[in-house]
Amino acid sequence: MTTPLLPTLFISHGAPLFATDAGTTGPALHAWAQAHAPAEALRGIVVMSPHWMARGPTVMTNPAPATWHDFGGFPAALYQLQYPAPGSSELGQQVLALLQAAGIAAQADAQRPLDHGAWVPLMHLYPQAEVPVVQLALPLGADPEEVFALGQALSALRSQGVLLVGTGSMTHNLGEFFGGGKEPAPYVQEFSRWVESAVMRGDRTALLNYRELAPHARRAHPTEDHFLPVFFALGAAGWGGDTPLQTDYISREVMYSMLAMDAFALTGPESLP
């Protein structure tokens, strides 16, 4: 008897304007969800966003998380948007138990709302907001291997109807946000395609050391927070091991010349005993 495994996802959530300016990435995310992880097949979603950073691994157990508009200076319409997905105390407690079983000290937060790093991409994936959502904080000071381990600890949830998602940004140099043109900056493409190649090859050593090995890594990410959720998705998928995984790129769009909106899904192995 085998149990099918859900894919894991990495999604670039871009600027808050992505909620209303979907580009090509928003429709591509929705189409992917309908084809590969429809809402009716899910028990819940566990998502790591860099807009929740805590002193250690922290798990949302709020049964009814509010939609937090954790940004300023954007059009008024953005602040009217709501994503009223339920939370799940039960799933949150299961996440805590799995982390603790892996030797990772974690705590619960029963008041945490959904930040825009979570609800904006989820609006495109599941616009009806019917799937329960649990957020997992990005620990302050964590390195790629530590974030990878968080994903690994939760990988069993994939056989239990839970979609594991890391959201951040494939490139994230906000100092260049207002200085770019319409065409993608060359360094954005070079960094993003280097990452894609490493993911496709299953080259764990290269990607864990991307800061030193990837072209333009420090320009693409002056700080690491928006790239680290990549490793949550990779760890949850069991990526970089002996069994090759299928990698499906959902988007390679670039917005504002400097925000790479890459999104990809990792699928396999096909089942667990």
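The values are calculated or read from the model by the stated rules, or taken from the named source; none is laboratory data. This one's a predicted model, so the numbers in the text were calculated from it and none came from an experiment. FYI the Cβ positions are ideal-geometry reconstructions off the backbone, even for glycines, and counts take in every protein chain you see.
Can you spot a residue in segment 258-267 that is over 21 Å from THR25 (Cα atoms) and touching a strand residue (DSSP E or B) at 6+ places or on another chain (Cβ under 9 Å)? No, segment 258-267 contains no residue that is over 21 Å from THR25 (Cα atoms) and touching a strand residue (DSSP E or B) at 6+ places or on another chain (Cβ under 9 Å).
Exactly one residue out of VAL195, VAL254 is more than 22 Å from HIS36 (Cβ to Cβ), crowded, with 23+ Cβ neighbours inside 10 Å, out of contact with any Gly (no Cβ under 8 Å at 6 or more places or on another chain) and of a type outside the set (Gly, Ala, Ser): that is VAL254.
Of the candidates ARG43, ARG55, the single residue that is surrounded by fewer than 20 Cβ atoms within 10 Å (Cβ to Cβ), in contact with a Pro (Cβ under 8 Å, 6 or more places away or on another chain) and closer than 21 Å to ALA142 by Cα is ARG55. Looking only at segment 101-121, count every residue that is touching a helix residue (DSSP H, G or I) at 6+ places or on another chain (Cβ under 9 Å) and assigned to a helix (DSSP H, G or I) and tell me the total. The number of residues fulfilling the criteria is 6.
Every residue, every condition in (1) in contact with a Ser or Thr (Cβ under 8 Å, 6 or more places away or on another chain); (2) in a loop (DSSP other than H, G, I, E, B); (3) more than 26 Å from TYR210 (Cβ to Cβ), yes or no:
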| position | (1), (2), (3) |
| --- | --- |
| HIS124 | yes, no, yes |
| ALA129 | no, yes, yes |
| VAL134 | yes, no, yes |
| GLY141 | no, yes, no |
| GLU145 | no, no, no |
| ALA149 | no, no, no |
| ARG158 | yes, no, no |
| THR167 | yes, no, no |
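Does any residue in segment 110-138 that is within 19 Å of ALA263 (Cβ to Cβ) come within less than 8 Å, Cβ to Cβ, of a residue that is at pLDDT 95 or above and acidic (Asp, Glu) six or more places away or on a different chain, and which pairs are these? Close Cβ pairs (under 8 Å, with a partner that is at pLDDT 95 or above and acidic (Asp, Glu)) amount to ASP115/ASP70; HIS116/ASP70; GLN135/ASP115; LEU138/ASP225. When segment 28-62 is filtered for residues that are touching a residue at least 24 places away in the same chain (Cβ under 8 Å), over 17 Å from the mean Cα position of the chain (by Cα) and over 21 Å from GLU90 (Cα atoms), only ARG55 remains.
For segment 178-192, which positions are surrounded by 14 or more Cβ atoms within 10 Å (Cβ to Cβ) and touching a residue at least 40 places away in the same chain (Cβ under 8 Å)? Answer for segment 178-192, where residues must be surrounded by 14 or more Cβ atoms within 10 Å (Cβ to Cβ) and touching a residue at least 40 places away in the same chain (Cβ under 8 Å): GLY180, PRO184, ALA185, VAL188, GLN189, PHE191, SER192.
For segment 11-40, filtered to residues that are surrounded by 16 or more Cβ atoms within 10 Å (Cβ to Cβ) and of a type in the set (Val, Ile, Thr), the residue that is nearest to TRP119 (Cα to Cα) is ILE11. Of the helices (runs of 4 or more DSSP H) that lie entirely inside segment 177-273, those containing 3 or more residues that are within 22 Å of TRP52 (Cα to Cα) and not aliphatic (A, V, I, L, M) span 229-237.
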